[in-house]
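Okay, structure first, notes after.
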Amino acid sequence: MARVLVDSSVILDIVTDDPVWGEWSMDTLARCAETGTLVINPIIYAEVSVGFTRIEEVEEALPSDYFERAALPWEAAFLAGKCFLRYRRRGGRKHSPLPDFYIGAHAAVSGFSLATRDPRRYRGYFPTVGCCHPDDAGHRRERVNSGRHSLLRPRGLTTNTCSLFGTR
């Protein structure tokens, strides 16, 4: 059975009921869950948790019976460091490895696919990782106002989210 590491942006689209990406993200997770196992790691968990006040809220948004929780392998940390070094040599300005490096490296060393709405962040550094992304589904990007959701004010679980995750 295929295992799919789910990028935090996909989860946040659903949890915040994003008007641009929410439907695509919900459809993608449902499709991936039908044919495989959805996986998150501590970095994805941390990124999603930013918009919540209590850990119980995060646990409700990321039910363990829907998302397998996988530790970040040491090999992934090594690979993330090497990719970060390559990023810096190409002129990248960040001074510590970005979460996307850890997420991409985790998918690469574990043989996972990756559900993300921004595959270009991963393709250049992790070409062996198969990505399920909006361009595969013909999703056209439309910006609504700023086109960004607020991580600090998540709308919580919607009716659609609850049915997708099998909660409430």
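Values in this text are rule-based calculations from the coordinates and carry no lab data. These figures come from a predicted structure and were not determined experimentally.
Points to keep in mind about this one:
- Average projected area [Cα convex hull, the range 1-111], square nanometres: 7.9 nm²
- For the range 68-92 versus the range 1-67, the gap between their alpha-carbon centres in whole angstrom: 21 Å
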